[in-house]
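Any read-out appearing in this document is the output of simple, stated calculations on the displayed coordinates, not a laboratory observation. All values derive from a computational prediction rather than experimental measurement. Ideal geometry is used to build each Cβ from the backbone, glycine not excepted, and the neighbour counts take in all protein chains shown.
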Amino acid sequence: MHPVTKKRYTAEFKAQAVGLVGLGKPVSAVAEDLGLSQGVLYAWVSRSKGSQAAQLGSAGPRAVGEEPVADELRRLRRDYATLQMENDILKKAAIILGTKPSSKDER
């Protein structure tokens, strides 16, 4: 019998995977996209919920200005960060799966 080696994932990769679940994507879809088991991803999500409770509050950066403009700016920044995180995860998954990410010149 061959010894079973345990895959190691970086904390950044785990945080990004949990972030995708936090954005409302189903655990099954995220796990399949990243080549993980659902159980592993559920464990990461449950561990992160404990650490997220300490991070919640009004200590985050706030935009200065009229309230509707500030709300829109916060929403746009949040959307931008989400898209960047998804893009990074997809790039890493492409590298893991052995496919070359498309460059802007190929479009």
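One table, with the values for the structure above:
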item	result
Most to least packed among 38-45, 15-22 [average Cβ atoms within 10 Å]	15-22, 38-45
Segment Arg78-Lys92, length gained on full extension (0.36 nm per residue, minus Cα span)	2.9 nm
